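Contents: one structure, followed by commentary.
The values are calculated or read from the model by the stated rules, or taken from the named source; none is laboratory data. Every value quoted in this text rests on a predicted model; they were computed, and no experiment measured them. Please note: Cβ atoms are built from the backbone with ideal geometry, for glycine as well, and neighbour counts cover all protein chains shown. For accessibility, only protein heavy atoms count, side chains too; no ligands or nucleic acids. Shrake-Rupley method; radii C 1.70, N 1.55, O 1.52, S 1.80 Å.
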Amino acid sequence: QNLIQDINYESFAYGMPGFMGSYIGIGFDYINLGSVKRTTIQSFNQGINLGTASGSDLMLSGYYSKFISDRLGIGGGVKWVREELDDKTANSFAVDAGFTYEMPIPGLQLGASIRNLGTRLQFYNDKESIPLTFQGGLYYVIPNRLFRFTLDFDKVRSEELGFHFGSEASIKDILLLS
């Protein structure tokens, strides 16, 4: 998919039942940032051509999940992230973990996760953290009805706490309206 400018984004994910009631999945995400004219203040003012610079991000991931009781499901994943910026490359490894819990109230579920807990990317002498994210929320399906509601929060490192609300209606199990 081409986004603005020359930015191109590709993504692939596949999940399937595993063994003993588990589920496994793999993922691939790639962003090509295209190329931009390389400049310095001096070269820009004097019209000197320094060529071009480019960048890209690649992430490979694997996931595993399983219900460990009739109400509690857990899951986790590992990922490798590679970022390229001009002639420099940085790598990071991270893990994700989360759970869902079916509450005693019919149709109500609670969930939480932590994502991107891992190593930092290092370009030159600078180290950059990937966005450590905490998420949690509630999901409610009205019993014997076709409506669903969500209320959740997320907290990304160095950002403010965010709250979100959503709803969905199902029409004959073939069309979902959000």
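Tabulated data for the structure shown
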| item | result |
| --- | --- |
| Within region 43-150, strands (runs of 3 or more DSSP E) holding 3 or more residues that are modelled with pLDDT of 95 or more | 52-67, 72-85, 88-102, 108-118, 133-141 |
| Checklist (1) part of a loop (DSSP other than H, G, I, E, B); (2) surrounded by 13 or more Cβ atoms within 10 Å (Cβ to Cβ) applied to Glu159, failing item | (2) |
| From Pro143, Pro104, residue being open to solvent by 70 Å² or more (accessible area, probe 1.4 Å), more than 24 Å from Ile31 (Cα to Cα) and of a type outside the set (D, E, K, R) | Pro104 |
| Per-region count, region 61-72, residues open to solvent by 70 Å² or more (accessible area, probe 1.4 Å) and out of contact with any Gly (no Cβ under 7 Å at 6 or more places or on another chain) | 3 |
| Total residues in region 7-42, condition assigned to a strand (DSSP E or B), closer than 30 Å to Ile68 by Cα and touching a residue at least 24 places away in the same chain (Cβ under 8 Å) | 9 |
| Condition check for Thr119: touching a residue at least 24 places away in the same chain (Cβ under 8 Å) and within 17 Å of the chain's Cα centre (by Cα) | yes |
| Residue check, Gly76 open to solvent by less than 30 Å² (accessible area, probe 1.4 Å) and either under 16 Å from the mean Cα position of the chain (by Cα) or touching a residue at least 40 places away in the same chain (Cβ under 8 Å) (or both) | yes |
| Condition check for Ile114: open to solvent by less than 70 Å² (accessible area, probe 1.4 Å), out of contact with any Lys or Arg (no Cβ under 9 Å at 6 or more places or on another chain) and of a type outside the set (Asp, Glu) | yes |
| Those residues of region 40-92 which are among the aliphatic types (A, V, I, L, M) and in contact with a strand residue (DSSP E or B) (Cβ under 9 Å, 6 or more places away or on another chain), in sequence order | Leu50, Ala53, Leu58, Met59, Leu60, Ile68, Leu72, Ile74, Val78, Val81, Leu85, Ala90 |
| Residue, nearest to Glu84 (Cα to Cα), within region 9-23, restricted to residues that are open to solvent by less than 70 Å² (accessible area, probe 1.4 Å) and at pLDDT 90 or above | Gly15 |
| Residues of region 99-149 that turn out to be in contact with a Ser or Thr (Cβ under 6 Å, 6 or more places away or on another chain) and of a type in the set (Ser, Thr, Tyr), as a count | 2 |
